[in-house]
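Any read-out appearing in this document is the output of simple, stated calculations on the displayed coordinates, not a laboratory observation. It should be emphasised that the depicted structure is a prediction, and the values quoted were computed from it without experimental measurement. Note: ideal-geometry Cβ built from the backbone for every residue, glycine included; neighbour counts use all protein chains shown.
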Amino acid sequence: MLETLGNLGLGFSVALAPSILLYAFIGCLVGTLVGVLPGVGPLAGISLLLPATFGLDATRAIVMLAGIYYGAMYGGSTTSILMRIPGEAASVMTCLDGYAMARKGRGGAALAIAAVGSYIAGTVSIVGLMLLAPPLADFALRFGPPEYLALLLLGLFVLAYMSSGSMTKSLAMAAFGLLLGMVGIDQMSGYFRFAYGVVSLGDGLGVVPVAVGLFGIAEILATAGQATPPRVVKPRLRELLPSREEWRESAAPIGRGTVLGFLIGILPGSAHIISSFVSYAVEKRLSKRPEQFGHGAVAGVAGPESANNSATSGAMVPMLALGVPSGPIPAVMLAAMMVHGVSPGPLLIQQKPELFWGFVASMYVGNVVLLILNLPLVGLFVNILRVPYTYLYPAILVFSMLGVYAVNGSVVDVWIMLIMGVVGWVLRKLDFETAPVVLGLVLAPMIELSLRQSLAMSDGHYGIFVQRPIAGVLLGVALLLVLLNLYAFVRRGLDWRARLALAEKGEETS
Amino acid sequence: MTTERVSGVALALLAAAVLEECWRLRLPLGSLATPGPAYMPAVLALALLAAGVLIAVLGPAAAPLAAVGWGEWRHTLAIAFTCAFVALALEHLGYRLTMTLACAFLLAIVERKPLVATLAFSVGLAAGTYFVFDTVLRVPLPRGPFGL
């Protein structure tokens, strides 16, 4: 414990340096702006702003990108509460009661509860990250290629299982993403695969153009043709303070949302989305007045908002400690870290303690910055939403193309972004999730390399994956998930994932 | 025809195309014990083929393809065309000119906004983002004729 506190002290000495503070502030501000814009969630936001960090050293760049990440998570709630448009998918549940509160004249209170809940959840979950990541990294030092392969496969299966809707469709998307990851030079033999003479495809498809295409461009393609934008409910500053009763009603949901969000965040999957849905369901189940949910229940804002912010820190645990991203956003964060010469994994904490602990401390600082920033600047964010979408989407499109081009200075990436945008638009229409595609793309080279290294270790015997206890257990859990899914299919009943899918479609709002 | 039938068949065709490409490009498959460069793509294509068939077979209960709204296709086409134009023109016309033209096309032609507002917004956005990224953040962006 003392060692942890000492390390945290080292982290704060890094994070409180004026220049780091400045980048944490810029990251939070830009992240919130990005989160407020409909269609540009944290994933597209981090991807687009990655080139802006190229001139920075690794610590400043990562602190800024982390600020963008949790700033965007918070920013999404502003549009949910004031416009009933989720700035990003994790804010869907906040729309229900947040907008209802705004229509009753309690929009300011809803924003304040979301901000305070996010702050508390963000801060407490960082303690969890701080305590859990170092021992997990120590444990992961025992991992060889078979264990990593099992862990990566488990990650994909958990993501597919946790996704709302069909596991078969999610696994198909993961396989599609893994296939995209096969493009480029084979690491072991040097063969060009599916590059068709395009030299810049030798390094494979970049995560950034694929992510921006599937999430940012696909969203613009789907929404630009919509007829009338929704009304913005503008709160007054004096309405920002929640009443005593509203504080009392939000305390327990914030606590429960924090714990739930962190635990779900550690698991692979769309943690933010799932945590907010689970938190909403739990609060409704525990409430003495469940009929108020959907009509302005304070717990319906406090719980999900706390949960999705807590999940942000939870998702950092496997990424930092194991070097394994648990979802598309950590996958892009991982890619961003690698661009800056940092390889997250078990050795990161030992070899670059100032970076790891500086990052942890900057998350504390970032949460304070977010709290200070968000409430007074609500008016500014609301005014951004007043810009007509017919002007907003060309601007988002320009930023997307600029961000994608700037990563490698290559127009091939702009083409990839465009193709993936159209693919993402069609996939959305056909009710497929695109998150497994991004995760598959990132994990593909790691999975292939681990498989071939494992087989080299065992002289070609596949028994190595079950003979080694850690790998065996991890693959056993993956198999269990498939069986659980088969069981739900055979019963033909609506399990929690099917209900989640219905709720996401708005067919089940009660 | 349901959405799942169509998507299942499309995924299966994609998987078949990958398998065909592995064969056409003569990528060595290797063996189970020593996988070659075509091994993983082939395994993944077979997995995708199986998933596609499963989705298609289990898909009759899904929504009909006709029920999916495609009403925004004109906007989609225009935006896709704009992105393609940017990809083609960026390194020839330079960042500022390309983005100004792309933005102006979307605003004036697609959204039918007034010409003055279109020009002010397009030039302002292209010049502003160029200044922030190229000049301030030192991210090199392409220049076109006359240094534009």
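List of remarks:
- Cα-based Rg / Dmax (Å) for the protein assembly as shown: 24.0, 72
- Residue range of chain A that is longest and free of GluC sites (Glu not before Pro) which are both DSSP loop and sparsely packed (at most 15 other C-beta within 10 Å): A:1-506
- The HN-Hα couplings worked out from phi for region B:67-81 by the Karplus form 6.51 cos²θ - 1.76 cosθ + 1.60 (θ = phi - 60°) are 6, 6, x, 10, x, 8, 4, 5, 4, 4, 5, 5, 5, 4, 4 Hz, whole numbers, x standing for Gly and Pro.
- More than 22 Å apart - percent of Cα-Cα pairs taken over region B:73-147: 24
- Average other protein chain Cβ within 10 Å of Cβ, residues A:407-420: 3
- Helix B:3-24 vs. chain B, principal-axis angle (Cα, 0 to 90°, nearest 10): 80
- In this structure, the amide hydrogen of A:Thr434, modeled 1.01 Å from its nitrogen in the peptide plane, lies closer than 5 angstrom to no residue at least 5 positions away or on a different chain.
- Along chain A, the longest continuous region that contains none of the trypsin sites (Lys or Arg not before Pro) in a DSSP loop with at most 13 other C-beta atoms within 10 Å is A:289-491.
- Measuring between alpha carbons in the structure, the pairs from A:Lys104/A:Lys288; A:Lys169/B:Lys113; A:Lys104/A:Lys284 lying more than 31 angstrom apart are A:Lys169/B:Lys113.
- In degrees, nearest ten, helix B:95-104 long axis to first principal axis of chain B (Cα): 90
- Neighbour-count ranking [beta-carbon atoms within 10 angstrom, fewest first] of B:Val139, A:Val301: B:Val139, A:Val301
- Over the residues of the protein assembly as shown, the helix contribution to mean residue ellipticity at 222 nm works out to -23000 deg cm²/dmol, using -39500 (n - 2.57) for each DSSP H run of at least 4.
- Helices assigned as whole DSSP H runs in chain A whose Cα atoms extend at least 24 Å along their own long axis and whose mean Kyte-Doolittle hydropathy is -0.5 or higher are found at A:18-36, A:58-83, A:107-140, A:145-162, A:244-266, A:299-322, A:353-374, A:389-408, A:411-429, A:435-457, A:469-491.
- Loop-resident trypsin sites (Lys or Arg not before Pro) (DSSP state other than H, G, I, E or B) in region B:49-137 with no more than 10 further Cβ atoms inside 10 Å of their Cβ: B:Arg112.
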